[in-house]
1. Determine the sum of side-chain charges near residue 152: Lys and Arg each +1, Asp and Glu each -1, restricted to other residues whose C-beta is under 9 angstrom from that of residue 152.
2. How much of the accessible area of segment 113-260, in percent, comes from carbon and sulfur atoms when a 1.4 Å probe is used?
3. With angles folded into 0 to 90 degrees, how steeply does helix 329-342 sit against the dominant principal axis of the chain? Use alpha carbons for both and round to 10.
4. Where does helix 293-319 land angle-wise versus the long Cα axis of the chain, in degrees 0 to 90, nearest 10?
5. Quick check: pseudo-label points 7 Å beyond the Cα along Cα→Cβ at residue 177 and residue 361, how many nm apart are they?
6. Across segment 60-75, in residue order, what do the Karplus-derived ³J(HN,Hα) couplings come to in whole Hz, using 6.51 cos²θ - 1.76 cosθ + 1.60 with θ = phi - 60° and x for Gly and Pro?
7. What whole number of Å gives the distance from the Cα centroid of segment 62-91 to the Cα centroid of segment 228-242?
8. Post the alpha-carbon centroid distance, segment 177-199 to segment 255-287, in whole angstrom.
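The values are calculated or read from the model by the stated rules, or taken from the named source; none is laboratory data. Predicted model, so just to flag it, every value in this text is computed and none were measured. Neighbour counts are summed over all protein chains in view; Cβ atoms, including those assigned to glycine, are modelled from backbone coordinates with ideal geometry. Note: areas computed on protein heavy atoms with side chains; ligands, DNA, RNA excluded. Shrake-Rupley method; radii C 1.70, N 1.55, O 1.52, S 1.80 Å.
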Amino acid sequence: MDFAIGEDRQMLADTMKRFFANTLGWEKRLKVIETDSGFDRGVWNEMAELGVLGALFPESAGGFGGGAFDIGTVFGEVGRAIATGPFIGTLMAGRLLAAAGETDTLESVISGEKIVTYAHAPAHDPQTGAETNVTATRSGDGWTLDGAKGVVDYLGAADWVVVTANTDDGQRAFLLESGAEGVEVLDYKLVDGGSGGELRLTGASAVALSGIGDSEIAAARAAGIVALTWEGVAVMDELRDQTLDYMRTRKQFGVPIGKFQALQHRMATLALEIEQARSAAINAAAHLDEPDRDRFAAAAKYTLGRVGSLAAEEAIQIHGGIGMTWELPLSHYAKRMVMLGHMLGDEDEHLARYMQLMRAA
């Protein structure tokens, strides 16, 4: 089979690779992740001008792509550069805005004028661990939201938030302004250098996104899983390549450690596992618009978590103590790998989900 992404997508990947190399070098990244927002808004706007954000959405919504492999191409380069920014929040919130016909709002996001993020995970009480979600109540001709969402991607930098909430008619999605009355934002730094936040809502006015229910929210989640798996495979590739480079230069007993057969076997095993993860990510993209989408998405996300942990562990163990130092890029890739393994559900959740879907099939 031909697994090439195609000429147009390859041009997009090459453009992003050059852009990140020129604008987001290692020293620049170290400075950016120390800022409150965790990303560079100027770099984000430049990416928008290049059409990177537009590649995530179809022409009908103001973009020029929107297919699963367009998403994979963009997030693969994001992973290679471990670029920070509200990529996953933009993708998932934008998919719901597009499905609701909110093209004007989405076009301002695609252009870089506005930042949007996606609040979907319930918050947890730090003392009791009790789960708190968001409920929506009709208020005249509109809606008000109450409750909390946790670990919202780049919440502190967002102009708008797409929030999922429980209603009497099931789950729906709403659009609200981050600075509106009744909206409290508690942002914080994440271990991978980016930022997140907790969203607390008390009678906050919001606009219901028309036609958005459980199926549309599930579709946005599946698109997010495709993005994370492609990003994760790119991060694994970097962990492997940086470890191989280290093995060629680090010497013990007068020879490079790459000559040791035990380490060669470990890296060969890792290389095979990464190819399994790559195949799973390709399968998830290929089935994104198919009826069996969720089964392939669950398989890919489970594989990402399992193989990603192996890649991070092997890379750090072979490097030794230097593998976790702040100055070494490898440690940042390993931390990002840990984050990717837990976003949108960890490997245990998706293994159980996959088994359930297989039984149903």
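1. Taking every Cβ under 9 Å from that of residue 152, the sum is -2.
2. Reported share for carbon and sulfur atoms: 47 percent.
3. Rounded to the nearest ten degrees, it is 50.
4. 40 degrees
5. 4.7 nm
6. My calculation for segment 60-75 gives 4, 10, x, x, 9, x, x, x, 4, 7, 5, 4, x, 4, 4, 6 Hz in order.
7. After rounding, the separation between the Cα centres reads 14 Å.
8. About 36 Å separates the Cα centre of segment 177-199 from the one of segment 255-287.
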